[in-house]
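The values are calculated or read from the model by the stated rules, or taken from the named source; none is laboratory data. Bear in mind the structure is a predicted one, so any value in this text is a computation, not a measurement. Cβ: placed from backbone, ideal geometry, glycine included. Neighbour counts: every protein chain shown. Heads up: the accessible areas ignore ligands, DNA and RNA and are worked out on the full protein's heavy atoms, side chains in. Shrake-Rupley method; radii C 1.70, N 1.55, O 1.52, S 1.80 Å.
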Amino acid sequence: MAGPVIDILMYHSIADAHGPTSVSPAVFADQMAALAASDVAVITLDDLVAARTNGTEPPERAVIITFDDGFCDFAEAAWPEMKRHGFCPIIYVPSAHVGRVEDWVGAAPPLRPLMDWDVLCQLQREGVQFGSHSVSHPDLTRLSDFELQAELTRSKSDLEDGLGTAIEHFAPPYGLAKDREISAISQLYKTSVGTRLGQAGPQAPIHDLPRIEMFYFTDIDRWRAHLAGQGAPYLMARKSLRALGKLVQKPWQ
Ligand SMILES: [Zn+2]
């Protein structure tokens with residue numbers, strides 16, 4: 001693939017728990033250390049937008065670090081590791097769940113708590129970026145046009161009011177967005193990321209960017225190989241498995 005390739009890493013919870021939405025703190029620390037030791041740069045979605053719009057060149061290999069949902073373990077386990085390395089991540093937050101729990105469709109007990117406004121504001125002061133993950137974490141494709149607009153506009157204004165900064169990036173809950181949703185998102189936000197597995201090459205649509213589920217890279221040697229540019233065969237295999245099993249239908253959060 002010609003041009004820069006950006007891996008948009010997707011995390012949810014950093015905890016010693018079962019399931020594909022959790023990566024253990026020890027593994028996360030190893031993943032971040034391997035990233036810091038590699039030649040791969042950590043950039044932000046704003047850098048990606050600038051590269052697309054101004055023609056500025058991002059590094060040949062770069063990653064963007066994203067978290068969905070804003071669970072409390074971000075502040076406790078994830079941020080100290082990233083801060084140590086000087087990495088700037090983005091967290092996509094469902095605005096009505098700030099300071100509450102993940103009591104949305106598909107979440108199984110024990111329901112994990114989300115960070116409250118005080119913690120979000122403190123993280124922002126320390127350099128963490130925020131994006132919208134809707135208001136109530138619904139499957140956007142099942143909403144009326146009116147409900148869809150409300151989820152997109154209210155989450156943006158709620159987060160902007162709460163954090164005092166512009167909210168310009170979006171992640172649809174469960175990664176579910178079809179043409180109607182992507183079109184509506186593109187009216188309000190500069191970028192949107194999905195859960196489609198893949199690397200974001202220069203042609204990747206800015207409002208339907210693929211991501212890399214970091215649960216697939218808990219084997220640290222495999223992660224190091226990926227960072228060294230030898231990960232394409234493994235990613236292809238994971239993509240084939242997902243397509244075969246229709247795992248995209250599972251409720252990724
Ligand atoms: Zn989510």
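Data table
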quantity: Extreme residue, modelled with the lowest pLDDT, among residues of the stretch 190-200 that are open to solvent by less than 40 Å² (accessible area, probe 1.4 Å) and part of a strand (DSSP E or B); calculated: Thr195
quantity: Matching residues, the stretch 160-180, being closer than 24 Å to Pro210 by Cβ and either within 15 Å of the ligand (Cβ to nearest atom) or in contact with a strand residue (DSSP E or B) (Cβ under 8 Å, 6 or more places away or on another chain) (or both); calculated: Ile167, Glu168, His169, Phe170, Ala171, Pro172, Pro173, Tyr174, Gly175, Leu176, Ala177
quantity: The lone exception for Cys72 - which of (1) touching a Leu at 6+ places or on another chain (Cβ under 6 Å); (2) of a type in the set (A, V, I, L, M, F, W, C); (3) surrounded by fewer than 20 Cβ atoms within 10 Å (Cβ to Cβ) it fails; calculated: (1)
quantity: Out of Ala184, Ala204, Ala177, sole residue that is of a type in the set (A, V, I, L, M) and under 17 Å from Leu48 (Cα atoms); calculated: Ala204
quantity: Index of the failed condition, Tyr174 passing every other in (1) part of a helix (DSSP H, G or I); (2) open to solvent by 50 Å² or more (accessible area, probe 1.4 Å); calculated: (2)
quantity: Extreme residue, modelled with the highest pLDDT, among residues of the stretch 220-253 that are part of a loop (DSSP other than H, G, I, E, B) and open to solvent by less than 70 Å² (accessible area, probe 1.4 Å); calculated: Gly231
quantity: Hey, Gln203 within 30 Å of Met236 (Cα to Cα), away from the ligand (no atom under 16 Å from the Cβ), out of contact with any strand residue (DSSP E or B) (no Cβ under 6 Å at 6 or more places or on another chain) and open to solvent by 10 Å² or more (accessible area, probe 1.4 Å) or not; calculated: yes
